[in-house]
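Q: One structure follows; several queries about it will come next.
The values are calculated or read from the model by the stated rules, or taken from the named source; none is laboratory data. Fair warning: this is a prediction, and the values are worked out from it, not measured in the lab. Here the Cβ positions follow ideal geometry from the backbone for every residue, glycine too, while neighbour counts run over all protein chains shown.
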Amino acid sequence: MGSIYPIIVSASNTQGVDDLQILAILESDASLKIRLHGDLSLANHGSLRSLLEDVLEKSSQTEVLADLSRVNSISSSSFGALVDFSRRLKKQNRRFLLQNPSESCRRAMNLLNLGSFLEVQSP
């Protein structure tokens with residue numbers, strides 16, 4: 001069983017409503033799982049990029065997983081952050097996998113034709 005620790009509790013939109021929650025779950029020495037909740041939008045993609053930068057700099061797991069099952073919506077800028085993160089992990093001989101993308105995430109991925117840039121873990 002892994003340890004659970006929050007990296008970013010929430011990011012609020014301009015009305016003060018929490019629209020993104022991020023938790024990181026360390027599952028093992030080799031795997032780090034990031035669980036994302038809410039809306040990944042242009043307004044909060046900076047928080048997402050900060051989280052991903054922290055993972056790049058401060059973690060050593062060879063496999064990083066992003067659970068997208070509770071993501072309500074995702075912007076192209078947020079997908080851009082995920083694609084960039086995946087590319088940078090590969091340069092470090094590490095692997096990035098998307099887990100359980102919500103229906104809205106799958107639709108956006110298909111619309112943006114991101115299948116060759118982001119790997120989705122099969123259930």
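Q: Would you confirm, using the coordinates I've provided, whether PHE117 is surrounded by 14 or more Cβ atoms within 10 Å (Cβ to Cβ), closer than 19 Å to HIS45 by Cα and touching a strand residue (DSSP E or B) at 6+ places or on another chain (Cβ under 8 Å)?
A: No.
Q: Which condition does ARG87 not pass, out of (1) surrounded by fewer than 15 Cβ atoms within 10 Å (Cβ to Cβ); (2) under 11 Å from the mean Cα position of the chain (by Cα), if it passes all the others?
A: (2)
Q: Got a sec? Which of PHE96, PHE117 is touching a helix residue (DSSP H, G or I) at 6+ places or on another chain (Cβ under 7 Å) and either in contact (Cβ under 8 Å) with a residue 40 or more places away in the chain or in a loop (DSSP other than H, G, I, E, B) (or both)?
A: Checking each option against the conditions leaves just PHE117.
Q: Provide a single number: the residues in segment 1-46 that are part of a helix (DSSP H, G or I) and either at pLDDT below 85 or crowded, with 18+ Cβ neighbours inside 10 Å (or both).
A: 1
Q: Spot the failing condition for LEU68; the list is (1) farther than 11 Å from LEU40 by Cβ; (2) touching a Pro at 6+ places or on another chain (Cβ under 8 Å), and only one is missed.
A: (1)
Q: Based on what the data block shows, is SER77 at pLDDT 90 or above, polar (S, T, N, Q) and not in a strand (DSSP E or B)?
A: It is true that SER77 is at pLDDT 90 or above, polar (S, T, N, Q) and not in a strand (DSSP E or B).
Q: Please go through segment 60-79 and pick out each residue that is over 11 Å from LEU36 (Cβ atoms) and surrounded by fewer than 16 Cβ atoms within 10 Å (Cβ to Cβ).
A: Matches in segment 60-79: SER60, THR62, SER73, SER76.
Q: State all residues of segment 29-45 that are of a type outside the set (A, V, I, L, M, F, W, C) and in contact with a strand residue (DSSP E or B) (Cβ under 6 Å, 6 or more places away or on another chain); if no residue qualifies, say none.
A: SER31, LYS33, ARG35, HIS37, GLY38, ASP39, ASN44
Q: Inside segment 43-65, can you point out the residues that are touching a residue at least 12 places away in the same chain (Cβ under 8 Å) and either of a type in the set (D, E, K, R) or over 16 Å from ALA30 (Cβ atoms) (or both)?
A: ALA43, ASN44, HIS45, SER47, LEU48, ARG49, SER50, LEU51, LEU52, ASP54, LEU56, GLU63 - these are the residues of segment 43-65 that are touching a residue at least 12 places away in the same chain (Cβ under 8 Å) and either of a type in the set (D, E, K, R) or over 16 Å from ALA30 (Cβ atoms) (or both).
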